[in-house]
Amino acid sequence: MTQLFDCRDAFNEKLLELAHLDTRIVTVVNDSVGSSKLTQFRAEFANRLINVGIAEQNMVGVGAGLANGGLIPFVCGASPFLTGRALEQIKADVAYSNTNVKLCGMSSGMAYGELGPTHHSIEDLAWLRAIANMTIIVPADPVETSQAVAAAASITGPMFLRISRVGVPVVHPADYKFEIGKAARLREGRDITLIANGVLVHKALEAAEQLASEGIEARVLNMATVKPLDEEAVLAAAAETGAIVTVEEHTIYGGLGSAVAEVVVTHQPVPMRILGVPGVFAPTGSAEWLLDHFGLNAAGIYNAARELVKPTK
Amino acid sequence: MNKNDENTEKIARLRQIATNVRLRDMEMIYQARLGHIGGDFSATDILVTLYFEVLKIDPKNPTAPDRDRFILSKGHCAGALYTTLAFAGFFPESELATFAQPLSNLNGHPNRNKVPGVETNTGPLGHGLPVAVGTALASQLTGLNYRVFVITGDGELQEGSNWEAAMSASHYKLDNLTVIVDRNRLQQGAGTEQTNGLDPLDEKWRAFGWSVREIDGHDYNTLLDIFAQVPFEPGKPNCIIANTHKGQGVSFMQDNVAWHHKVPNAAEYAAALKELSAQNGATPLELPKIEVKVGV
Ligand SMILES: Cc1ncc(C[n+]2csc(CCOP(=O)(O)OP(=O)(O)O)c2C)c(N)n1
Ligand SMILES: [Mg+2]
């Protein structure tokens with residue numbers, strides 16, 4: 001069986017490594033040391049982990065203040081509370097003030113499963129995408145997570161990293177080079193393009209296999225950077241493959257699908273399907289059950305693609 | 001029967017109910033492989049006192065306009081609330097077996113649109129008190145004479161929204177509002193005082209204009225007595241700081257932060273079952289069995 005990884009592990013390994021090299025790196029948490037997997041960071045850098053308690057608005061404001069003092073704060077909390085509760089702090093103190101804060105939304109999407117919609121973070125991309133001066137990255141596997149953390153530390157300015165806890169396989173080769181704002185083409189194809197990010201990239205690859213068995217060659221793009229979007233890759237996909245399916249662990253309103261559609265409809269209209277959570281609060285169910293429930297699996301992606309292209313052989 | 005005997009009998013009954021709430025809640029958590037057993041057990045005695053002796057409610061008419069309102073602000077303790085609501089007759093006890101199962105009404109956090117008796121959807125901490133303030137204020141405006149009770153966690157009080165609401169409550173002289181702070185001195189990852197200290201907590205509430213009492217949140221005599229005294233002072237909202245133990249009732253869970261959301265394994269489950277069953281001669285209840293998922 002393919003080995004599955006919790007991206008929080010790669011996140012913390014890289015952060016620890018960087019913290020050893022750069023004393024400006026600090027973490028800020030909301031009683032979330034365990035859920036952000038920062039136990040080791042705390043053990044090694046007790047005074048560089050600031051736990052403000054259960055107080056997300058304060059957490060983000062404190063992060064902005066630490067940045068003002070010359071530090072590089074990685075503000076880590078469960079994504080729904082970090083983004084939802086502290087949205088105005090993110091807008092005013094981080095994005096508008098242009099402070100060097102790295103917002104790390106942990107256990108994003110529907111990873112909290114049965115804990116329900118209050119704990120799901122399927123609006124975070126829409127909320128943050130609407131804010132100017134915000135870079136948004138949704139890594140797909142541990143390889144990319146690790147490089148995204150390094151990129152966050154090396155670039156000055158506001159950034160949101162969406163880190164899942166759902167087990168994912170490695171989808172990138174060992175020599176993969178993550179670049180902010182650049183889509184990764186994980187599979188070549190000229191019949192249709194599947195654009196995914198985060199925990200759904202490997203499912204898009206699975207769907208592409210299935211399509212290939214019927215003679216449909218799907219290009220697969222991992223669109224880890226939701227903002228700024230790789231418009232060139234989107235337009236090339238539209239022009240060269242003529243149809244696009246997007247898939248994300250997020251509401252269909254305002255996330256990756258919307259971002260892609262905005263570009264496509266303006267410059268190169270082609271048929272599209274946007275897969276995600278329709279405008280409902282999820283029923284009770286585990287993370288995996290909910291993904292299946294909403295058709296966010298290989299079969300769902302395959303079916304959407306089949307609506308857009310007919311097999312050639 | 002004199003007053004003293006009556007009280008003794010009442011307390012024995014509440015204890016028995018509470019033990020059974022803990023037993024069934026633990027069974028639910030064990031089967032679902034998720035839940036917040038520590039905070040469930042610290043709040044159980046307060047919940048049982050409220051639902052079985054204090055709140056003026058009719059489980060058959062859970063939306064009666066003049067009902068007393070109860071809000072569980074620490075929504076992660078839904079397990080204790082669901083069990084108490086079922087025992088109080090709000091929905092069939094058999095439904096407890098569906099906790100956290102696909103499409104169940106009993107989500108990991110309470111949903112008022114699915115569970116009778118739930119007043120507002122909680123889960124993100126720091127939401128219950130503001131909603132309670134509005135609900136208490138509505139009673140002043142409508143003339144419907146009900147009371148509002150809220151249980152908050154203590155770690156939860158680190159959320160600023162609580163203090164914004166606390167100011168509103170005293171500003172509007174909401175003496176029909178009572179907050180019960182489940183003061184178990186632990187939050188998710190550590191002690192409250194090690195994380196973002198709350199002490200002196202009573203002075204904070206007093207400074208915000210509340211009438212404050214501090215009690216043992218597991219002592220039924222005191223619980224009954226204190227709720228009978230509400231409102232403590234006319235024109236002031238009421239704060240009860242209930243000193244509790246997270247994991248109360250099971251020796252190895254008690255005051256141990258690990259049990260915030262740990263799920264017992266088979267051996268721990270058996271040991272806890274034995275301890276709880278031995279208390280007050282409670283008989284464990286039979287819960288309809290569902291298949292236990294393994295390796296989650
Ligand atoms: C806004 C928000 N931030 C973080 C969490 C995650 N969380 C759930 S329970 C908990 C600890 C709560 O501690 P406390 O209020 O003391 O409750 P208790 O000890 O009674 O369980 C945390 C941090 C949350 N549910 N909501
Ligand atoms: Mg507590």
Legend entry - Selection from the stretch B:171-198 of residues that are within 13 Å of ligand 2 (Cβ to nearest atom), touching a Ser or Thr at 6+ places or on another chain (Cβ under 9 Å) and open to solvent by less than 60 Å² (accessible area, probe 1.4 Å): B:Ile180, B:Val181, B:Asp182, B:Arg183, B:Asn184, B:Leu186, B:Gln187, B:Gly189, B:Leu198
Inset, instruction - Taking only the stretch B:108-154 into account, find how many residues are touching a helix residue (DSSP H, G or I) at 6+ places or on another chain (Cβ under 9 Å) and basic (Lys, Arg). - result: 1
Inset, instruction - State which residue is nearest to the other protein chains (Cβ to nearest Cβ) when the search covers only the stretch B:147-180 and only residues that are near ligand 1 (Cβ under 9 Å from one of its atoms) and among the hydrophobic types (A, V, I, L, M, F, W, C). - result: B:Leu157
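Condition test on A:Ser97, is it open to solvent by less than 20 Å² (accessible area, probe 1.4 Å) and either farther than 17 Å from A:Phe281 by Cβ or at pLDDT 95 or above (or both)?
no
Report whether or not A:Thr266 is among the β-branched types (Val, Ile, Thr), farther than 17 Å from A:Ser121 by Cβ, assigned by TED's automatic domain parsing to the domain that holds A:Gln210 and open to solvent by less than 30 Å² (accessible area, probe 1.4 Å).
No: the conditions fail for A:Thr266.
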Inset, instruction - Run down B:Ile57, B:Ile37, B:Ile71, B:Ile46 and say which single residue is open to solvent by 10 Å² or more (accessible area, probe 1.4 Å), touching a helix residue (DSSP H, G or I) at 6+ places or on another chain (Cβ under 9 Å) and of a type in the set (A, V, I, L, M, F, W, C). - result: B:Ile57
Inset, instruction - Could you tell me which numbered condition A:Leu200 fails, if it satisfies all but one of (1) of a type in the set (A, V, I, L, M, F, W, C); (2) open to solvent by 20 Å² or more (accessible area, probe 1.4 Å); (3) under 14 Å from the mean Cα position of the chain (by Cα)? - result: (2)
Inset, instruction - Kindly list the number of the only condition in (1) outside any loop (DSSP other than H, G, I, E, B); (2) buried (at least 24 other Cβ atoms within 10 Å of the Cβ) that fails for A:Pro139. - result: (1)
Inset, instruction - List every residue pair whose Cβ atoms lie under 8 Å apart, where the two residues are 6 or more positions apart in sequence or sit on different chains, the first residue falls within the stretch A:35-62 and is at the interface with chain B (Cβ under 8 Å from one of its Cβ atoms), and the second residue, located anywhere, is within 15 Å of ligand 1 (Cβ to nearest atom) and hydroxyl-bearing (Ser, Thr, Tyr). - result: A:Ser35/A:Ser107; A:Asn51/B:Thr195; A:Gly53/B:Thr192; A:Gly53/B:Thr195
Inset, instruction - Being farther than 20 Å from B:Ala242 by Cα, of a type in the set (D, E, K, R) and free of Cβ contacts under 8 Å to residues at least 60 places away in the same chain is the filter here, so list the residues in the stretch B:148-199 that pass it. - result: B:Glu164
Inset, instruction - Would you check which residues across the stretch B:117-136 are of a type in the set (A, V, I, L, M, F, W, C) and open to solvent by less than 40 Å² (accessible area, probe 1.4 Å) and list them? - result: B:Val118, B:Leu125, B:Leu129, B:Ala132, B:Val133, B:Ala136
Legend entry - Every pair of residues 6+ apart whose Cβ atoms lie under 9 Å, when the first sits in the stretch B:247-258 and is of a type in the set (Lys, Arg) while the second is outside any loop (DSSP other than H, G, I, E, B): none
Inset, instruction - For residues that are within 14 Å of chain B (Cβ to nearest Cβ) and aliphatic (A, V, I, L, M), scanning just the stretch A:100-118, find the one that is surrounded by the most Cβ atoms within 10 Å (Cβ to Cβ). - result: A:Met110
Inset, instruction - Kindly indicate whether any position in the stretch B:104-112 is more than 14 Å from chain A (Cβ to nearest Cβ) and in contact (Cβ under 8 Å) with a residue 24 or more places away in the chain. - result: no
Inset, instruction - Take A:Thr83 and decide whether it is farther than 20 Å from B:Asn111 by Cα, within 14 Å of chain B (Cβ to nearest Cβ) and either open to solvent by 10 Å² or more (accessible area, probe 1.4 Å) or touching a helix residue (DSSP H, G or I) at 6+ places or on another chain (Cβ under 7 Å) (or both). - result: yes
Legend entry - Conditions (1) within 13 Å of ligand 2 (Cβ to nearest atom); (2) within 13 Å of chain A (Cβ to nearest Cβ); (3) more than 14 Å from the chain's Cα centre (by Cα): number failed by B:Leu201: (2)
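Taking B:Arg213, is it open to solvent by 20 Å² or more (accessible area, probe 1.4 Å), more than 16 Å from ligand 2 (Cβ to nearest atom) and of a type in the set (D, E, K, R)? Lay out the reasoning, then the answer.
Numbers: open to solvent by 20 Å² or more (accessible area, probe 1.4 Å): yes; more than 16 Å from ligand 2 (Cβ to nearest atom): yes; of a type in the set (D, E, K, R): yes.
Considered against the rule, which asks whether it is open to solvent by 20 Å² or more (accessible area, probe 1.4 Å), more than 16 Å from ligand 2 (Cβ to nearest atom) and of a type in the set (D, E, K, R), B:Arg213 comes out as yes.
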Legend entry - Checklist (1) surrounded by 24 or more Cβ atoms within 10 Å (Cβ to Cβ); (2) more than 16 Å from ligand 1 (Cβ to nearest atom) applied to B:Arg22, failing item: (2)
Legend entry - Condition met for B:Leu96 (surrounded by 21 or more Cβ atoms within 10 Å (Cβ to Cβ), within 14 Å of chain A (Cβ to nearest Cβ) and part of a loop (DSSP other than H, G, I, E, B)): no
Inset, instruction - Taking B:Leu47 as the residue in question, decide whether it is assigned to a helix (DSSP H, G or I), in contact with a Ser or Thr (Cβ under 8 Å, 6 or more places away or on another chain), under 30 Å from B:Glu6 (Cβ atoms) and not hydroxyl-bearing (Ser, Thr, Tyr). - result: yes
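The values are calculated or read from the model by the stated rules, or taken from the named source; none is laboratory data. Here the structure is a predicted model, which is why all the values come from computation and not from measurement. For neighbour counting, all protein chains shown are included, and Cβ atoms are generated from backbone atoms with ideal geometry for every residue, glycine included. Quick note on the areas: whole protein, heavy atoms, side chains included, nothing else; ligands and nucleic acids left out. Shrake-Rupley method; radii C 1.70, N 1.55, O 1.52, S 1.80 Å.
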